[in-house]
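Notes to accompany the following structure.
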Amino acid sequence: MSEPPKIPELDPANIVLPTNENFYLPEDLECAAKDWPRDEVEKAFGEYRAAIAVGDHETMAQMLSDGGRGGNATYGFFSDRASYLQFLKDCWLEVIPNYNVWQMIDGGRVVNKWRETLPGTPPGGGTYDYFGINEVIYSGNGQFRLMYSLPDLFSLTVLYGRWKADGQHEEYGDIYAAYAQG
């Protein structure tokens with residue numbers, strides 16, 4: 001099993017909130033607005049989702065274009081393939097499967113809702129699921145210029161607390177230990 005992800009300590013006074021002016025680069029917006037063949041964008045996104053489904057970090061990182069960047073609302077930004085690959089190795093837990101729920105494609109922009117399932121079964125049955133949204137911007141040749149993930153951190157925090165209260169951490173370890181301290 002992988003080490004638990006390290007969620008950085010945040011000082012709200014030092015957080016720079018992104019705006020449309022500083023989140024997207026002009027090249028991002030150009031790629032997003034381009035009239036790419038839909039089947040080309042769908043194929044690339046399908047390959048990206050297939051790599052996610054099996055935790056293939058190398059393929060995921062290779063799908064980031066030169067000059068591409070992205071991030072995650074929890075762990076910050078990455079600015080190149082090497083930092084994206086390190087981000088995946090540090091934060092991606094193979095014990096937590098990630099499923100595509102739905103996706104929308106407009107030009108070069110793909111927005112998808114995903115679901116991750118923590119291991120174990122709740123006492124009343126079912127699964128421990130939480131959701132998030134990704135935005136990726138296609139840049140041609142099967143690659144993406146921007147990859148950004150926004151997990152529902154409130155739901156994850158509540159879910160992880162239930163998961164831990166149900167004793168699942170005793171079998172699987174504290175996979176998101178920073179969410180359930182105290």
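Read-outs: derived from the displayed coordinates by stated rules, not from any lab. Computed from a predicted structure; not experimentally measured. Please note: Cβ atoms are built from the backbone with ideal geometry, for glycine as well, and neighbour counts cover all protein chains shown.
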With the 8 Å Cα cutoff and a minimum separation of six or more residues, region 26-179 has a relative contact order in percent of 24
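So which GluC sites (Glu not before Pro) in region 66-136 are both in a DSSP loop and have at most 11 other Cβ atoms within 10 Å of their Cβ?
On the way: sites: GLU94, GLU116, GLU135; in loops: GLU94.
Taking region 66-136 and a limit of 11 other Cβ atoms within 10 Å, the loop GluC sites (Glu not before Pro) found are GLU94.
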For region 94-169, the dipole about the Cα centre with charges only on Cβ (Lys and Arg +1, Asp and Glu -1), to the nearest 20 debye, works out at 80
Using θ = phi - 60° and the Karplus curve 6.51 cos²θ - 1.76 cosθ + 1.60, what whole-Hz ³J(HN,Hα) does each residue of region 146-158 get, with Gly and Pro shown as x?
-> 9, 9, 9, 10, 10, x, 7, 5, 5, 5, 4, 4, 5
Going toward the positive end of the dipole of region 26-179, with +1 on Lys and Arg Cβ and -1 on Asp and Glu Cβ, which of LEU159, ILE137, TYR172 do you reach last?
-> LEU159
Loop sites in region 34-73: GluC sites (Glu not before Pro), DSSP, at most 10 other Cβ within 10 Å = none
Cα gyration tensor shape for region 79-151, rounded if a/c is under 1.5, else prolate or oblate = oblate
